[in-house]
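Structure first, commentary second.
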Amino acid sequence: MRTIYCMTLFGPPIYIGCNDYNERMIRYKSLDLIHERMSEPLYSYLRTYRKHSGLTQVQVAYLLEHQSADKISRYERGVRKPDLIDAFALQVIFDVPANEMFRGLYHEIEITTQNRAYLLTKKVELNLPTPIVDRKIRFLRSIYQRALD
């Protein structure tokens with residue numbers, strides 16, 4: 001039976017069959033330092049862009065074909081995540097990429113995805129080595145290596 005060690009890049013580590021406590025802590029702490037270096041962006045900069053443009057929440061809601069400004073307010077406060085259509089529409093309205101307008105949300109998704117890529121890499125590495133498996137591993141590593149650069 002093969003021992004599997006899995007951890008997330010940020011947040012609590014996940015241990016699966018790892019017996020060496022010191023090894024776990026060394027790896028966890030080294031990756032935890034990466035998280036400390038990264039500043040936490042605001043969830044949404046929509047309010048900043050809207051205020052800069054002079055538009056009201058009601059006017060932005062009209063452009064997005066919403067009946068009221070409630071969704072806009074929720075987007076600005078980070079209470080609600082914009083759907084893809086609204087994110088693209090806001091990108092068109094303010095001429096700012098959605099990942100910049102919702103920087104905090106993007107950051108959250110980025111970390112989650114990089115963690116999952118790391119865990120999937122560990123699962124794929126258990127397969128017999130083939131060119132396809134090697135290609136998958138290289139690709140998955142490139143996803144979570146971006147956080148380490």
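Within segment 107-126, how many residues are under 9 Å from the mean Cα position of the chain (by Cα) and either free of Cβ contacts under 8 Å to residues at least 40 places away in the same chain or surrounded by fewer than 17 Cβ atoms within 10 Å (Cβ to Cβ) (or both)?
5
Which is touching a Phe, Trp or Tyr at 6+ places or on another chain (Cβ under 9 Å) and modelled with pLDDT under 95, of Leu128, Leu105? Break it down into steps so the answer makes sense when it comes.
Numbers: Leu128 fails: touching a Phe, Trp or Tyr at 6+ places or on another chain (Cβ under 9 Å).
Exactly one of Leu128, Leu105 is touching a Phe, Trp or Tyr at 6+ places or on another chain (Cβ under 9 Å) and modelled with pLDDT under 95, namely Leu105.
Name the residues in segment 86-131 that are in contact with a helix residue (DSSP H, G or I) (Cβ under 7 Å, 6 or more places away or on another chain) and among the charged types (D, E, K, R), would you?
Glu125
Being in a loop (DSSP other than H, G, I, E, B) and aliphatic (A, V, I, L, M): is that true of Val58 here? Spell out how you get there, then give the answer.
Details: in a loop (DSSP other than H, G, I, E, B): no; aliphatic (A, V, I, L, M): yes.
It is false that Val58 is in a loop (DSSP other than H, G, I, E, B) and aliphatic (A, V, I, L, M).
The values are calculated or read from the model by the stated rules, or taken from the named source; none is laboratory data. Everything numeric here is computed off the predicted structure, so don't read it as measured data. Every residue, glycine as well, gets a Cβ built from its backbone with ideal geometry; the counts of neighbours run over all protein chains shown.
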